[in-house]
Amino acid sequence: MYQELGISKETVSLVTNIEHELQDIYAKIDEICDLHSLKVLSSFHKHHISEVHFYSTTGYGYGDIGRDTIEKVFADVLGSEDALVRSQFISGTHALTVALFAYLRPGDLMLSISGMPYDTLHEVIGIKENASSLKAFGVGYHEIDLVNDDFDDDKIVDYLKNHKVRLIEIQRSKGYSTRKSISILKVQRIVSKIRKIDNEVIIMVDNCYCEFVESVTPIEVGCDVMVGSLIKNLGGGIAPNGAYIAGRSDLVELAGERLTCPGEGREVGPTLGINKQILQGLFLAPSVVAASLKTAILTARLLEELGYKVEPKYHEERVDIVQNIIFGNPDDLIHYCQGIQMASPIDSNAIPEAWDMPGYCDQVIMASGSFTQGSSIELSCDGPIREPYIAYQQGGLTYSYGKLGVMKAIEQLRKLK
Ligand SMILES: *Cc1c(COP(=O)(O)O)cnc(C)c1O
């Protein structure tokens, strides 16, 4: 059967041996999965989720009981006062944009304390010129780089003592950078220092790829608001699109006014039949995140065995589902991504190539044979064609499919040797 998929005996036995070594690490992932499953199930019970909540609204979407209850469930699961969970958010970037424009006013100052934000936010903030950026509306921006993959506490404290900052942004996952992702413990430490100086500043977290990986959320350690995408962790591979903003009620309310219009806010927003998928996606999300993590751990151990540098290493703490493989040359990166695509359920016959994508300086290669376009909770792998040629791999709806993807990818690497 493996041979039919073009996977050699060598690869199968290598993976089987390595898998045995990883059982203790997998068991810890299962514990976290149990915890989050418990939270989700308890909230479903508390809100008496029933078929009523699957019904759909159209047009303005007034009185959508399913939608309103989904938002209560998300708030419970994320440990927040409230949440806005909508398919009218086109992407994680859109939800982050709505939040930033909801909280920042002309003359306000935004501070990023995790260095340069995710690529797609550059034009939103005005780091790259755009006539509709926050900067074009008179919002100031400053960033403080991480040092040794951690917050620069002294610089942050010093800056806050000398400037009135309206909003602090923390991006936990690494994006296309070479840094490590930021753990909840580090967030907790810096938040307590920030609060000693400024009780009013809004602390907003880009939590993409981090949901259900650790046991507590940024809100539970004192952040005001967190944002993430439903075609990543919390959608469980079932949500067809959308994103969420969760946190303090007043901030969720402001985001609603910005997403639709002042005065109508959260009261409107048709669900067009997706309530069941959002609920079922959240229900499956703890397991899907666990499958993604196991796939990432297997990948780290395997690729290290084959002589590549990886980040994080298989036994290291994980705070998101992203696995980096530092290939050191373009050929390996390209072949690996092509292998991931070949083992995908959808478009397995397409061969991805590096191309000049809008918004990126370097050519980028992307493998994503997913049921939902661009979904990266499904096994996907991409990377810019620049030194040191890093692949950013994430997702895996089930561990078996994740494993098959990685097997096929290393088979493509073998062909180069
Ligand atoms: C994925 C991601 C986003 C949002 O990306 P979209 O493709 O717009 O959903 C934002 N920040 C980080 C760190 C991400 O990984």
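Each value in this text was obtained by applying a stated rule to the coordinates, not by laboratory testing. A quick note: this is a predicted structure, and the numbers were derived from the prediction, not measured. Virtual Cβ from ideal backbone geometry, glycine too; neighbours counted across all protein chains shown.
When you count the other C-beta atoms within 10 angstrom of each residue and take the mean per peptide, 178-188, 378-388, 342-352, 47-57 line up highest first as 378-388, 178-188, 342-352, 47-57. Of the trypsin sites (Lys or Arg not before Pro) found in the stretch 277-324, those that fall in a DSSP loop while having at most 15 other beta-carbon atoms within 10 Å are Lys313.
Starting from the Cα gyration tensor of the stretch 272-417, multiply each eigenvalue by 5, take the square root, and state the resulting semi-axes largest first in whole Å.
On the way: eigenvalues 119, 67, 40 Å².
Semi-axes from the Cα gyration tensor: 24, 18, 14 Å.
When Rg and the Kirkwood radius Rh are both evaluated on Cα atoms of the stretch 140-250, their ratio Rg/Rh stands at 0.97.
Distance between the C-alpha centres of the stretch 358-417 and the stretch 256-272: 36 Å, rounded to the whole angstrom. Three principal axis extents of the stretch 201-314 based on alpha-carbon atoms, in descending order, are 58, 38, 21 Å. Proximity of backbone amide H atoms, modeled 1.01 Å from N, is registered between Gly126 and Leu134, Lys135 at under 5 Å, excluding neighbours fewer than 5 places apart on the same chain.
Over all orientations, the stretch 79-182 has a Cα convex hull whose mean projected area works out to 7.7 square nanometres. Taking every full run of DSSP H in the chain, the ones that stretch at least 24 Å from end to end by Cα along their long axis and average -1.0 or higher on the Kyte-Doolittle scale are 23-46, 275-305, 399-416.
Sorting 262-274, 16-28, 325-337 by average packing, meaning the other beta carbons within 10 Å per residue, from highest down gives 325-337, 262-274, 16-28. An ellipsoid equivalent to the stretch 1-158, defined through the eigenvalues of its Cα gyration tensor, has semi-axes of 37, 30, 19 Å when rounded to whole angstrom and sorted largest first. Most simply put, the chain has about 65% antiparallel DSSP beta bridges, counting only bridges with both residues inside it.
Note on the chain: helix-only mean residue ellipticity at 222 nm, from DSSP H runs of 4+ residues weighted -39500 (n - 2.57) and normalised by residue number, equals -13000 deg cm²/dmol. The translational diffusion coefficient of the chain, from Stokes-Einstein at 4 °C and 1.567 mPa s with a Kirkwood hydrodynamic radius over alpha carbon pairs, comes to 59 µm²/s. Scalar couplings 3J(HN,Hα) for the stretch 372-381, obtained by applying the Karplus form with A = 6.51, B = -1.76, C = 1.60 to θ = phi - 60°, are 9, 4, x, 5, 10, 8, 7, 4, 8, 8 Hz; x denotes Gly and Pro. Of the GluC sites (Glu not before Pro) found in the stretch 98-145, the ones in coil according to DSSP and having at most 12 other Cβ atoms within 10 Å of their Cβ are Glu129.
My understanding is that a pair violates if its Cα-Cα distance is over 20 Å; which of Lys72/Lys276; Lys128/Lys193; Lys9/Lys313; Lys180/Lys294; Lys39/Lys276 do that in this structure?
Values: Lys72/Lys276 15 Å; Lys128/Lys193 31 Å; Lys9/Lys313 25 Å; Lys180/Lys294 18 Å; Lys39/Lys276 18 Å.
The answer is Lys128/Lys193; Lys9/Lys313.
Normalised by the number of residues in the chain, what is the relative contact order in percent for Cα pairs under 8 Å and 6+ residues apart?
Details: 878 pairs, mean separation 75.3, N = 417.
Over the chain, the number comes to 18 percent.
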